[in-house]
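The values are calculated or read from the model by the stated rules, or taken from the named source; none is laboratory data. Treat the numbers as computed from the prediction; the structure is a model and nothing was measured. Cβ placement follows ideal geometry from the backbone for every residue including glycine, while neighbour counts extend to all protein chains displayed.
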Amino acid sequence: MSDYQKFPVHKSIVITNFLQFPSPEFIAYNLHTIDDFEFLIAVNKRDDSSAEILIHLDASNEIKRVRARYFLGMFNETDKELISWEEKKEADIAGFLCVKPWTVPQPNKSFTFKFGLHVSAIMGMDNVWKFNFYDALFNVENDSKMIVFKEKNNQKVRLYTHKKLMMFHSSKLSIYRNNLHNENGFIMPACVSMNMLEKCLQIAHGVQVHCSVEDLKKINQIAKLLGLKNVTKYYERQRIENLNQVKVTDKVFHSMFMRDRRHLLVHLLKTLNSNKELKRILETMDIQKMNSESMKRCAHFFFRNC
């Protein structure tokens, strides 16, 4: 694999006659989009003997800063390298990731511009760094090291993650994989939002994602679908922290009694002031459907408040 081909975003552009182009002008370029902003990767002709090779970051309403690795190279007609750069760098949006001046050795000869780009992380407007799941992994020749999540109604919409890490946290992905024709492709149900899936994957990778209570519920449903235990635990911690922001109803208690949410249930019970309140709630539901852990917690509450 050539150096530039190990990048998930890569391309080779032949420039046949440098002198024929007016200056200044972009004589070779490519656009790459992540979320709502674009990377412009280009060769800008300055005059008949010099050029700038650059990567420009467009403006964005969602992203503030990026962390990326890139390769830029110029090659002659026999594919001999004339000059190249490979670097890791951070940059703010609406600016340049890099600008490299280059003196063209033989302007009347054709040459090839090769580039590669991998954006590893993006910072949102909340100043939180997140993983970039919109591009494939760096230096991966095939899908064997990745899990690719695909949107049901548009399979060109994809999210890419490390297989080993996801398998470590998931109790279900290995089972699902055996039932798929495409071993590493997971076509998500139509009801699953790829935006919510992206947030779920961020949490699975250890990112502290800020989101609403309603979004947390959607993320938790995805976590249960994929068997992501660490995301479920994150959901419980966030629900505990948000208890003072939501109205605790009988329906909330019913939901906790039916599920294995022991940590959240402990904190919900703390919102009750007496055994009488708990008794009233229990009388509104079918106790036979309660799980054993919930019964233990309720019994402990009764004895403690006798």
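Taking the stated definitions as given, is E38 assigned to a strand (DSSP E or B), among the acidic types (D, E) and in the same structural domain as I122 (by TED's automatic domain parsing)? Please lay out each step first, then the result.
Details: assigned to a strand (DSSP E or B): yes; among the acidic types (D, E): yes; in the same structural domain as I122 (by TED's automatic domain parsing): yes.
It is true that E38 is assigned to a strand (DSSP E or B), among the acidic types (D, E) and in the same structural domain as I122 (by TED's automatic domain parsing).
Going by the structure shown, is R67 more than 29 Å from N44 (Cβ to Cβ) and not aromatic (F, W, Y)?
no
Does any residue of region 165-176 turn out to be among the aliphatic types (A, V, I, L, M), at pLDDT 95 or above and surrounded by 13 or more Cβ atoms within 10 Å (Cβ to Cβ)? Let's see the steps before the verdict.
First, pick out the residues of region 165-176 that are among the aliphatic types (A, V, I, L, M): 165-167, 173, 175.
So of that shortlist, the ones also at pLDDT 95 or above come out as none.
No: zero hits.
For region 63-123, give me every one of the strands (runs of 3 or more DSSP E) that falls completely inside it and has 1 or more residues that are of a type outside the set (D, E, K, R) and surrounded by 17 or more Cβ atoms within 10 Å (Cβ to Cβ). It would help to see each step written out before you state the result.
Numbers: elements: 63-75, 81-92, 95-103.
Output list reads 63-75, 95-103.
Cβ-Cβ below 8 Å, separation at least six or inter-chain, first residue in region 22-37 and more than 18 Å from D58 (Cα to Cα), second of a type in the set (A, V, I, L, M) and surrounded by 11 or more Cβ atoms within 10 Å (Cβ to Cβ): which pairs?
I27/I15; I27/V43; I27/A51
Only one of K247, K233, K251 is modelled with pLDDT under 85, under 29 Å from M188 (Cβ atoms), of a type in the set (K, R) and surrounded by fewer than 15 Cβ atoms within 10 Å (Cβ to Cβ); which?
K251
Please verify whether I53 is part of a strand (DSSP E or B) and surrounded by fewer than 20 Cβ atoms within 10 Å (Cβ to Cβ), treating the condition exactly as stated.
no
When you check C200 against the structure, is it modelled with pLDDT under 90 and within 24 Å of I122 (Cβ to Cβ), yes or no?
Judged against the criteria, C200 is not a match.
Considering only residues that are aliphatic (A, V, I, L, M) and without any contact (Cβ under 8 Å) to a residue 60 or more places away in the chain, which ones fall in region 98-139? Don't jump to the end; show me each part of the working.
Taking region 98-139 and keeping what is aliphatic (A, V, I, L, M), we get 99, 104, 117, 119, 121-123, 125, 128, 136-137.
Hits for region 98-139 are V99, A121.
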